[in-house]
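Below is one structure, written out as structure tokens, with a few remarks after it.
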Amino acid sequence: MVRRDDSIRGSRRVPALDSFLGEDFLVKSFGVVAWGWGSWQAFEMSLNERLAQEVKVAMLAKDADRLGALRMLKSALGYAAMEKKVDSLGDSEFVSVVQKEVKKRRDASEQFEKGGRPELAAKEKAEITVLEAFLPKMLTAEELEVLVKEAIAAAGAVSKKEMGAVIKAVQAKAAGRADGRAVSALVGQLLP
């Protein structure tokens, strides 16, 4: 995805760089690389653009399992965008849809394991690993504990009756980087 800056000379590929560094190197290292006024500029791809790129790579690699998971995610994103009556979702909404899809797959995997279907559980777990690539880095246990303690202090919570307000505050600060079950368990543990 090497392009010249559209405002300068129109969009076209730079074959010398493609062959020298390789397009995969440029895309994986920099997201998208653009040429403008004598210098290379790297800029971050949105999650929607990254998903489209991942679908193309999976199609070219003929990786049917990965492609299936990515297409299901793309479909879920399309439905979410239709519900919100927008053309495409922002990154925060994208992450929330991915989290819902991961949760669905985890629940399905647990049900398949209980039902004695380990092959289907393994398929769901493989889809989870594909989807988790689109999630932000999760908080460590120590970071999550610090967030919970700060939220308890900020809310002035003294009993488990105020657990909901604390969980809501932690989820807002964590911004999708913490599992709801882990937050709930930790808040319940730290509140008297």
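Take the residues in region 110-154 that are in contact with a Lys or Arg (Cβ under 6 Å, 6 or more places away or on another chain) and of a type outside the set (D, E, K, R); name whichever of them is surrounded by the fewest Cβ atoms within 10 Å (Cβ to Cβ). Step through it out loud before you land on a result.
The first filter runs over region 110-154 and keeps only residues in contact with a Lys or Arg (Cβ under 6 Å, 6 or more places away or on another chain), leaving 124, 127-128, 130, 136, 138-139, 147.
Cutting the leftovers down to of a type outside the set (D, E, K, R) gives us 128, 130, 136, 138-139, 147.
Details: ILE128: 18, VAL130: 21, PRO136: 12, MET138: 15, LEU139: 20, LEU147: 20.
The residue in question is PRO136.
What's the total number of residues in region 84-112 that are in contact (Cβ under 8 Å) with a residue 12 or more places away in the chain and closer than 17 Å to LYS123 by Cβ?
7
In the set SER96, SER109, which member is modelled with pLDDT under 90, of a type in the set (Ser, Thr, Tyr) and under 21 Å from the mean Cα position of the chain (by Cα)?
Details: SER109 fails: modelled with pLDDT under 90.
So the residue among SER96, SER109 that is modelled with pLDDT under 90, of a type in the set (Ser, Thr, Tyr) and under 21 Å from the mean Cα position of the chain (by Cα) is SER96.
From (1) over 23 Å from GLY90 (Cβ atoms); (2) part of a loop (DSSP other than H, G, I, E, B), pick out the condition that doesn't hold for ARG177.
For ARG177, the exception is condition (1).
For region 73-93, enumerate the residues that are more than 20 Å from GLU54 (Cβ to Cβ) and in contact with an Asp or Glu (Cβ under 9 Å, 6 or more places away or on another chain).
Listed by number, the residues that qualify are LYS84, VAL86.
Here are VAL102, VAL98: which of them is over 14 Å from LEU47 (Cα atoms), in contact with a helix residue (DSSP H, G or I) (Cβ under 6 Å, 6 or more places away or on another chain) and among the aliphatic types (A, V, I, L, M)?
VAL102
Please go through region 145-174 and give me each residue that is assigned to a helix (DSSP H, G or I), free of Cβ contacts under 8 Å to residues at least 12 places away in the same chain and not charged (D, E, K, R), ordered by number.
Of all residues in region 145-174, those assigned to a helix (DSSP H, G or I) come to 145-155, 160-174.
So of that shortlist, the ones also free of Cβ contacts under 8 Å to residues at least 12 places away in the same chain come out as 146, 153, 161, 164-165, 168, 172.
Correct list: VAL146, ALA153, GLY164, ALA165, ALA172.
Which of the residues that make up region 59-107 are surrounded by fewer than 17 Cβ atoms within 10 Å (Cβ to Cβ), outside any loop (DSSP other than H, G, I, E, B) and acidic (Asp, Glu)?
ASP65, GLU83, ASP91, GLU93, ASP107 - these are the residues of region 59-107 that are surrounded by fewer than 17 Cβ atoms within 10 Å (Cβ to Cβ), outside any loop (DSSP other than H, G, I, E, B) and acidic (Asp, Glu).
Please indicate, with yes or no, whether at least one residue in region 72-83 is under 15 Å from ALA126 (Cα atoms) and either aliphatic (A, V, I, L, M) or touching a residue at least 40 places away in the same chain (Cβ under 8 Å) (or both).
Of the residues in region 72-83, the ones under 15 Å from ALA126 (Cα atoms) are 72-73.
Cutting the leftovers down to either aliphatic (A, V, I, L, M) or touching a residue at least 40 places away in the same chain (Cβ under 8 Å) (or both) gives us 72-73.
Yes, the conditions are met somewhere in region 72-83.
Here's the yes/no breakdown for (1) modelled with pLDDT of 85 or more; (2) outside the structural domain of ALA126 (by TED's automatic domain parsing); (3) small (Gly, Ala, Ser):
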position	(1), (2), (3)
GLY10	no, yes, yes
LYS28	no, yes, no
LYS56	yes, no, no
ASP63	yes, no, no
LEU70	yes, no, no
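Quick check on VAL95: is it in contact with a Pro (Cβ under 7 Å, 6 or more places away or on another chain), under 18 Å from VAL130 (Cα atoms) and not small (Gly, Ala, Ser)? Don't jump to the end; show me each part of the working.
On the way: in contact with a Pro (Cβ under 7 Å, 6 or more places away or on another chain): yes; under 18 Å from VAL130 (Cα atoms): yes; not small (Gly, Ala, Ser): yes.
So VAL95 passes the test.
Just checking, which of ASP91, ASP87 is of a type in the set (D, E, K, R) and either in the same structural domain as ALA182 (by TED's automatic domain parsing) or touching a Ser or Thr at 6+ places or on another chain (Cβ under 7 Å) (or both)?
That would be ASP91, the only listed residue that is of a type in the set (D, E, K, R) and either in the same structural domain as ALA182 (by TED's automatic domain parsing) or touching a Ser or Thr at 6+ places or on another chain (Cβ under 7 Å) (or both).
The values are calculated or read from the model by the stated rules, or taken from the named source; none is laboratory data. The model shown is predicted, which means the values in this text are computed figures rather than measured ones. Note that each Cβ is placed from the backbone with ideal geometry, even for glycine, and that neighbours are counted across all protein chains shown.
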